[in-house]
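A.B. asks: I have a structure here, written as structure tokens, and I will follow up with some questions on it.
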Amino acid sequence: MHDFEMEQVFTDLFHQTFQTRLVKVTPKPGDNYNELEITWEAVPGAVAYNVYGSPSPFTKNLLNLTPITATNLTYVVPSAPDDIVWHFWIKWISNAQVETLIETEGATIYTNVDKFEPEHYGAAQTPQTTSYGAHALPQVMMPFYKDEIRRRHQTILNNDGEDFYLYLRKWSGDTCPKQDERVSSDPDNDSLFNCDLCFGTGILGGYWSKIMIRMRYGDMPVRRIAYKKESIEFSEDFNSWTL
């Protein structure tokens, strides 16, 4: 069966579920931080908009102090560190002051386009990594499976995942003022871990504010046994995952 005929067979069953994102995030590099421009399409009946953002895909924080007028479909985040993938949501406001999400899933710099579309990977190529996969699953089915896999993991996380605080290390920002003092007093840099200003990272603050994120344990954790001169130590290596 030719590829064209295969696509005709599977199009109705495995329709493309990816929709062109209404909210788009475009990075604008700055000095130590990135400016991010958030744009969205107008919603009929909207009198204003609110922008929400977060490093976590599960938490929405209001960013604008006052509602954005209906004629303005752009918002610029002035200081979004590029160490973190930021998620953004737009809510449109009706005459009754009711807020409604334009899209339920947060937009990032990676969601502007569908990577499974041929114009993004080349007409003569395929995003699949094996020849068997390319022949077993016609390309027209891949967008469906991609979205279905993500929806399945979201359901599993919501049903029996656990909430954790995540601390992300800083990789850019102001240099710790004790940098020279630490290096001169401890050439092997062990004293970095005792610094109460950078916590061993060399960047002022060390870590970003904690983020609430949901995780789930994988298989039964592996028990590790360490035989030491004075004792036997038992520990468990937890295998966890999140989106």
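Every number in this text was worked out from the coordinates using simple rules, so none of it is lab data. All values derive from a computational prediction rather than experimental measurement. Methodologically, a virtual Cβ is constructed for each residue, glycine included, from the backbone with ideal geometry; neighbour enumeration extends over all protein chains shown.
A.B. asks: List the pair-distance distribution P(r) of segment 23-101, using every Cα-Cα distance, as the percent of pairs falling in each 10 Å bin from 0 up to the bin containing the longest distance, rounded to whole percents.
C.D. replies: Percent of Cα pairs in each bin: 19, 51, 25, 5, 0.
A.B. asks: Computed FRET efficiency, Cβ-Cβ of Asn112 and Phe164, R0 41 Å: what is it to the nearest 0.05?
C.D. replies: After rounding, the FRET efficiency stands at 0.90.
A.B. asks: Say R0 is 45 Å: what FRET efficiency, to the nearest 0.05, do Trp208 and Tyr132 get from their beta-carbon distance?
C.D. replies: Efficiency, from the Cβ-Cβ distance: 0.60.
A.B. asks: Pop a pseudo-label 7 angstrom from the Cα along the beta-carbon direction at both Thr69 and Glu103 and give the gap in nm to one decimal.
C.D. replies: Each label point is offset 7 Å from its Cα along the Cβ direction, giving 2.6 nm.
A.B. asks: Treating cross-link reach as a plain straight distance, find the lysines whose alpha-carbon is under 30 Å from the alpha-carbon of Lys60, omitting any fewer than eight places away in the same chain.
C.D. replies: Cα-Cα hits under 30 Å: Lys24, Lys28, Lys91, Lys115, Lys146, Lys170, Lys210.
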